[in-house]
Amino acid sequence: MKVGIPRGLLYYDYVSLWKTFFEELGVDVIVSDKSNKKILTDGVSKCIDDACLPVKLFHGQVMNLKDRVDYIFIPKIISVEKKTYQCPKILGLPSMVKHSVKDLPEIIDVEVNLRKQLYKAAILKLGGKFTHNISKIRKAYNNGLMDLKRYEDKFQNKMLSHAMDANISNYNHSTKIMVAGHSYNIYDEYLNMGLINKLSKEKVHIITPEMLSKHRDEYINQIKRKIFWSAGNKIVGTCFYAIEKNLVDGIIYLSSFGCGLDSIIIDIIQRKCIKNKVPFTVLVIDEHSGEAGFNTRLEAFLDMLEWRKNYENNISTHG
């Protein structure tokens, strides 16, 4: 029995849990290929025009798997912590894929919703497709959680995780930049046009939200109104922590065009950066983005940081 896991969206957050869980139940796990031009083109051809780039790419990852597996795992993840939700595109992903891509194998679209305490039932339902041994299902899930914890610890230690396409190499570089945004934008090197590798070549010490996630809640209360998205809490909380602790020389926010969540999160972080005089810029990606313009904006930001080291108060903090 083969289960396919598309390499996109929440894959970068939960792959260790999912992969271990299925393998513990004796299932072969097939992960879709790394993102490339064909996968994106296939996804764009099947997905609705108004979807953001990561969702279009996810459709292409599904197509990459559909003739190679017996099932495709696309869970409907509504809430993973109390009083928060996932973004709308995650909530509706299984239905969107089913209606956009034809002739698919069975999609495992189990619902995960901590707000309704459904996650335990979801685990048993998911494992029940492959075994009726409840204790085996529970053991597989617990082992998956342990692997997820080890996976997250790698980020805390600023180590490269096996799920990331990007090669983060920090060797005591003097310039420290936080690359903020959703994990599926930061760690897919095709999607972000090689941003991480480009920064590494420029001898930049890279920090991402996942590396600071244990500090997420320390400064999130500075925001008067609650953020109801899990990803938003992580991004804002870790950026605020990095700013308050003077951990970074600047912040690059990587955003996909048309992301409703980012339109709010970017404004919150930008205001914090201006207040604390931390350089901040936004790089926007979509299927029409040109790498030349992307590189020009990145180079200009790095040049600005270099100038600020020599002429601290004469260069704008926003650009």
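The values are calculated or read from the model by the stated rules, or taken from the named source; none is laboratory data. The structure presented is a predicted model; accordingly, all values stated were derived computationally and were not measured. Reconstructed Cβ throughout: ideal geometry from the backbone, glycine too, with neighbour counts over all protein chains shown. Ligands, DNA and RNA are stripped out before the accessible areas are found, and what is left, the full protein with its side chains, is counted by its heavy atoms. Shrake-Rupley method; radii C 1.70, N 1.55, O 1.52, S 1.80 Å.
What the chain shows is 48 Å² of accessible area per residue, with the surface traced by a 1.4 Å probe over protein heavy atoms. Inter-label distance, residue 224 to residue 2: 5.6 nm, where each label sits 7 Å from its Cα along the C-beta direction. Computed with a 1.4 Å probe over protein heavy atoms only, the accessible area of residue 282 comes to about 30 Å².
With both labels modelled 7 Å from their Cα along Cα-to-Cβ, the residue 288 to residue 136 distance reads 5.2 nm.
Cross-link reach is defined here as a Cα-Cα straight distance under 18 Å, omitting same-chain residues fewer than 8 places apart; for residue 2 the aspartates and glutamates meeting it are 23, 24, 28, 33, 67, 70, 103, 106, 109. Within the chain, what whole-number % of the accessible surface is contributed by carbon and sulfur, with the 1.4 Å probe and all protein chains included in the calculation? Carbon-and-sulfur percentage of accessible area, whole number: 50. For region 218-319, pairs of C-alpha atoms spaced more than 21 angstrom apart make up 39 percent of the total. Taking 64, 295, 185 as the candidate residues, the one with maximal mean-square fluctuation in a Gaussian network model of the chain, Cα springs under 10 Å, is 295.
Excluding same-chain neighbours fewer than eight residues apart, the lysines reachable from residue 136 by a Cα-Cα span under 16 Å are 19, 120, 125. Once the Cα atoms are used to define both axes, helix 134-156 deviates from the longest principal axis of the chain by about 10 degrees. Using heavy atoms of the protein chains and a probe of 1.4 Å, the accessible area assigned to residue 287 is about 60 Å². Applying 1/(1 + (r/R0)^6) with R0 = 22 Å to the Cβ-Cβ distance of residue 295 and residue 34 gives a FRET efficiency near 0.55. In this structure, the amide hydrogen of residue 4, modeled 1.01 Å from its nitrogen in the peptide plane, lies closer than 5 angstrom to those of 30, 70, 71, 72, 73, counting only residues at least 5 positions away or on a different chain.
For the pair region 211-243 / region 38-98, the C-alpha centres are spaced 26 Å from each other.
Starting from the residue with the highest accessible area, list 238, 175 in decreasing order, probe 1.4 Å. Don't jump to the answer; show the numbers that get you there.
On the way: 238 0, 175 20 Å².
Reading off the accessible areas and sorting them downward yields 175, 238.
The H on the amide N of residue 77, modeled in the peptide plane, is under 5 Å from the matching H of 112, each at least 5 residues off or on a different chain.
For the residues 135, 79, 35, a GNM of the chain with alpha-carbon springs under 10 Å puts the largest fluctuation on 135.
Give me the log10 of I(q) over I(0) for the chain at q = 0.13, 0.14 Å⁻¹, as the Debye formula computes it from C-alpha points; what are the numbers? Summing over Cα pairs of the chain leads to -0.98, -1.12.
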